[in-house]
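Novice: Below you will find the structure I want to go over with you.
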Amino acid sequence: MPIVQNSAQILAPDERLHFRDRLRAARYAALADAEGFSEICFAIEALGVRVAGRRLALGRYRLGIQAYWNELPYLEKLSTRFPQLFTRFDALYESLQAARNDAMHTGAYARHVTTAAIELCIGLEASLMSTPQRSSVSDFMVKDAIIVEEWQPVARARQLMLTHSFTYLPAFIDGQWKLISELAVARFLRSGGSPAHLLGMQISMASKTKNADGTEFTSLERPLPLEVSTPLLVNVADQVDSLLAPDVASLTPSLWLVKGHDAGNLSGVLSPFELM
């Protein structure tokens with residue numbers, strides 16, 4: 001049973017996952033836009049409303065939210081041992097609260113408060129996942145997986161990777177899930193062909209090694225194929241510890257695809273990033 005005091009409501013296990021996902025999504029949004037910490041504010045406020053049991057000012061949610069933060073004592077201990085690297089909950093929350101009430105969210109100030117908001121999110125996400133029963137793929141996976149379609153151009157894969165800082169991007173090519181890596185895209189685009197031609201080539205065509213008639217591509221058509229790798233497909237009920245075993249993790253790229261209701265759909269994706 002979670003140790004939560006000074007709050008009107010106790011979050012059920014599924015609610016913990018819901019708010020963890022919302023905090024994580026808000027953190028990703030803030031990372032994509034250094035001045036866009038408002039999504040984190042909304043996520044913190046939503047958690048506060050649920051914990052308090054009613055809508056209040058942001059400052060009135062502090063004790064209830066801090067009770068969850070305190071479920072992981074090491075969060076505050078780190079800020080005491082390494083104050084130059086980690087910040088106390090009170091300071092993080094006060095920064096968020098002050099910025100929430102400030103109309104000027106630009107430049108260095110916005111980047112500072114966004115950094116504090118992200119640190120607050122990281123700690124709360126970990127504390128919400130601190131219950132011992134959390135061990136399956138469904139507990140940690142990112143549900144709204146971003147993929148590239150096989151009919152889309154290589155330029156789309158490049159755009160998504162640069163926008164989201166992806167190392168791997170899933171693609172359903174010729175009836176099978178594949179992964180396109182940032183290294184593969186870089187090699188493909190710098191292989192000597194016309195950049196406009198290569199960027200405009202469909203993913204399915206770029207990844208093939210031969211023409212439909214079995215002949216090799218000419219250097220003018222495409223110097224090198226876009227390399228794709230075969231991912232590990234996992235189920236929502238699989239245990240995450242089994243995926244980290246050396247004899248499993250070393251054999252496949254470090255992005256696992258979670259099977260959906262049919263072959264062409266994904267329930268989500270999972271990487272070591274979500275398990276840290």
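Novice: Could you please let me know if residue 146 is assigned to a helix (DSSP H, G or I) and of a type outside the set (Gly, Ala, Ser)?
Specialist: no
Novice: Oh, and also: State whether the residues of the range 200-208 include one that is modelled with pLDDT of 90 or more and hydroxyl-bearing (Ser, Thr, Tyr).
Specialist: For the range 200-208, residues modelled with pLDDT of 90 or more and hydroxyl-bearing (Ser, Thr, Tyr): present.
Novice: Within the range 137-147, which residues are over 13 Å from residue 257 (Cβ atoms) and crowded, with 16+ Cβ neighbours inside 10 Å?
Specialist: Hits for the range 137-147 are 138, 139, 140.
Residue-wise test of (1) surrounded by fewer than 20 Cβ atoms within 10 Å (Cβ to Cβ); (2) under 26 Å from residue 98 (Cβ atoms); (3) at pLDDT 85 or above; (4) not basic (Lys, Arg).
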{"position": "4", "(1), (2), (3), (4)": "yes, yes, no, yes"}
{"position": "13", "(1), (2), (3), (4)": "yes, no, yes, yes"}
{"position": "18", "(1), (2), (3), (4)": "yes, no, yes, yes"}
{"position": "21", "(1), (2), (3), (4)": "yes, no, yes, yes"}
{"position": "28", "(1), (2), (3), (4)": "yes, yes, yes, yes"}
{"position": "32", "(1), (2), (3), (4)": "yes, yes, no, yes"}
{"position": "41", "(1), (2), (3), (4)": "yes, yes, yes, yes"}
{"position": "44", "(1), (2), (3), (4)": "no, yes, yes, yes"}
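Novice: Looking at the range 251-268, I want the residues that are open to solvent by 70 Å² or more (accessible area, probe 1.4 Å) and have a partner that is among the hydroxyl-bearing types (Ser, Thr, Tyr) with Cβ atoms under 7 Å, at least 6 apart or on another chain. Which pairs are those?
Specialist: 259/267
Novice: Restricting to the range 75-89, give me the number of residues that are open to solvent by 100 Å² or more (accessible area, probe 1.4 Å) and more than 21 Å from residue 44 (Cβ to Cβ).
Specialist: Looking only at that region, the number is 5.
Novice: Collect the residues in the range 58-82 that are within 20 Å of residue 10 (Cα to Cα) and in a helix (DSSP H, G or I), keeping them in residue-number order.
Specialist: If the condition is that a residue be within 20 Å of residue 10 (Cα to Cα) and in a helix (DSSP H, G or I), then 58, 59, 60, 61, 62, 63, 64, 65, 66, 67, 68, 69 are the ones that fit.
Novice: Name the one entry in 148, 154, 137 that is modelled with pLDDT of 95 or more and touching a Phe, Trp or Tyr at 6+ places or on another chain (Cβ under 8 Å).
Specialist: Criteria check complete, one pass: 154.
Novice: Please specify each residue of the range 158-180 satisfying the condition of being of a type in the set (Gly, Ala, Ser), in contact (Cβ under 8 Å) with a residue 60 or more places away in the chain and surrounded by 16 or more Cβ atoms within 10 Å (Cβ to Cβ).
Specialist: Residues satisfying the conditions do not exist here.
Novice: Specify which of the listed residues (153, 132) is open to solvent by 20 Å² or more (accessible area, probe 1.4 Å) and under 24 Å from residue 17 (Cα atoms).
Specialist: 132
Novice: Looking at (1) part of a helix (DSSP H, G or I); (2) in contact with a helix residue (DSSP H, G or I) (Cβ under 7 Å, 6 or more places away or on another chain); (3) surrounded by fewer than 16 Cβ atoms within 10 Å (Cβ to Cβ), find the lone condition where residue 55 falls short.
Specialist: (1)
The values are calculated or read from the model by the stated rules, or taken from the named source; none is laboratory data. Computed from a prediction, not measured in an experiment: that's the story for all the values here. Note that each Cβ is placed from the backbone with ideal geometry, even for glycine, and that neighbours are counted across all protein chains shown. Side chains are part of the model used for accessible areas, which takes the heavy atoms of the whole protein and leaves out ligands, DNA and RNA. Shrake-Rupley method; radii C 1.70, N 1.55, O 1.52, S 1.80 Å.
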